[in-house]
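Here the structure is laid out as structure tokens; the discussion comes afterwards.
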Amino acid sequence: MEFCTQIAAQLILDEMKKNESSAKNVVMSPLSINLMLNMVAAGAEGNTLEQFLKFLGSQGIEDLNQKSSVMMSLLRYSSGSKASTPSHVPTIHQKKRQKRQKQKQPLFSVANALWVHNQFQLIPSFRKITKTIYKAKVKNVDLMREGDKVREDVNLWVEKETRGLIKQLLSKGVNLAPPLCLANAIYFKGSWEDPFMVSKTRDKEFHIFNRETIQVPSMNSHNVSHDYASLDDFKVLKLPYESVIGECGKQIQLSMYLLLPHDPYGLQDMVEKFNLDTKLLAPESLNDHLRKVKLSRVLIPKMKFSYNVDAKELVKKKGLTLAFNEVDADFSKMVYSQSPGSNDFIQAMLQKCCIEVNEDGTEAAAATFFCPRSKPPRNKPPQIITFVADHPFIVRHLYV
């Protein structure tokens, strides 16, 4: 996850360095990219696999698959797991309380899918990994003749898996090509443990990047206790969502961490610091500093926006390059090659995210799309054989 957090930090820096009039709010899902990179890595071999393992922080493909299995189980764990049936019959009041709790439980779901060109076959080991670990659905399609239809199918699948939050992930400009394409969709909806009161939301000044101020609707709460820390360069506030009890009786607690630089215009310096050491953003690192304190006031702007990014260049900037190299990429464990000497490489890597934060909680979604394609082998020019005796030569007669 550290590598994908670096990608997110780099994206924020790149956006901040744009012209002030074109800079946008950024939302990205390192988790979605992490799962997709892990799944694609399962089809890699040789130097390409070694580079994946290095940047994803895994000792081997078994270690990588194990980490993915844990992530997938946690997401499924908190995405509507039904608690065991109680041994006693609940009363009417208990039923009402259980209904309220069920409505507030966080929903965290993940889905993966592959669209495989009908002239290609997944290698059994890769098919098994995508099915057992990533629970990916595989569709056989014609990426050559029905590219528009497949593109629409991908968009509809993403829209469904993100509860309608992400529409038209793929534009008409995205060309689909054999041997396959992959997509991941993540959806989250959670209610605050301590909701904000709608009646206290007011328009407040907000300092933007170009040192101007604008009015934005901001949520307010007073005299509340939260986990909080004030560090050298920034403050940290942890806002928990309603917890959920999984099938095994374990409690899952999801939280939003807000990191606020002391300097109103110090976001870039703070992100550059995180970019150099992403461990500073790790939950265990942040939690070491947090203490439950009483805050006289908490003010957070309401948010609702989306963001599209071509993540391919971001990944390459961080050193994961072989997967995108049409000559050196090695995905020989993904699909059976249709022609000797052909080579598969990742042509496109897109992500779209959206988020809404209001008085009740947060609703967010992310979709990541990978499009590996085959590069046909280069045909060697026919060898031209000549014998032009236009200079001195020797003749020798031999008995044969």
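What FRET efficiency do you get for residue 325 and residue 2 if R0 is 22 Å and r is their Cβ-Cβ distance, rounded to the nearest 0.05? Intermediate values should be presented prior to the final figure.
Details: r = 23 Å, r/R0 = 1.06.
Efficiency, rounded to the nearest 0.05: 0.40.
Which pairs break 24 Å Cα to Cα here: 167/302; 17/304; 160/238; 238/304; 167/333? Mind dumping the intermediate values first?
Working: 167/302 22 Å; 17/304 22 Å; 160/238 31 Å; 238/304 20 Å; 167/333 32 Å.
Table pairs above 24 Å Cα-Cα are 160/238; 167/333.
Give the long-range amide H neighbours of residue 305: residues separated by 5 or more places, or on another chain, with amide H under 5 Å away, using H modelled in the peptide plane at 1.01 Å from N.
355
Pull out a ≥ b ≥ c, the square roots of the eigenvalues of the alpha-carbon gyration tensor of the stretch 271-333, then state rounded if a/c is under 1.5, prolate if not and a/b is larger than b/c, and oblate in the remaining case.
On the way: a/c = 3.62, a/b = 2.11, b/c = 1.72.
Taking the square roots of the gyration eigenvalues as a ≥ b ≥ c, the stretch 271-333 is prolate.
For a Förster distance of 30 Å, can you work out the FRET efficiency between the beta-carbons of residue 287 and residue 223, rounded to the nearest 0.05? Provide the component values of the computation, followed by the final result.
Details: r = 24 Å, r/R0 = 0.79.
Taking R0 as 30 Å, the efficiency between residue 287 and residue 223 is 0.80.
Between Rg and the Kirkwood Rh of the stretch 170-318, both from Cα atoms, what is the Rg to Rh ratio? Mind showing how you got there, number by number?
Values: Rg = 19.2 Å, Rh = 18.9 Å.
Here the Rg-to-Rh quotient is 1.02.
Once you have a ≥ b ≥ c as the square roots of the Cα gyration tensor eigenvalues for the stretch 145-242, tell me rounded if a/c is under 1.5, and otherwise prolate or oblate according to whether a/b is larger than b/c.
Since a/c reaches 1.5 and a/b is larger than b/c, the shape of the stretch 145-242 is classed as prolate.
So how do 173-181, 208-216, 302-310 stack up, highest first, on mean other-Cβ count within 10 Å?
Numbers: 173-181: 19.0, 208-216: 11.1, 302-310: 14.8.
Descending mean neighbour count gives 173-181, 302-310, 208-216.
Take the Cβ-Cβ distance between residue 142 and residue 167 as r, set R0 to 25 Å, and report the resulting FRET efficiency rounded to the nearest 0.05.
Between residue 142 and residue 167 the formula returns 0.55.
Give the aspartates and glutamates whose C-alpha is closer than 13 Å to that of residue 292, dropping any in the same chain fewer than 8 places away, or say none.
Within reach: 227.
Around residue 347, which amide H atoms from residues at least 5 apart in sequence, or from another chain, sit under 5 Å from its own amide H, with H modelled in the peptide plane?
Distant-sequence amide H within range of residue 347: 371, 373.
The numbers here are math on the coordinates, done by the rules we state, and not lab data. Given the structure is predicted, the values throughout are model-derived calculations rather than measurements. Reconstructed Cβ throughout: ideal geometry from the backbone, glycine too, with neighbour counts over all protein chains shown.
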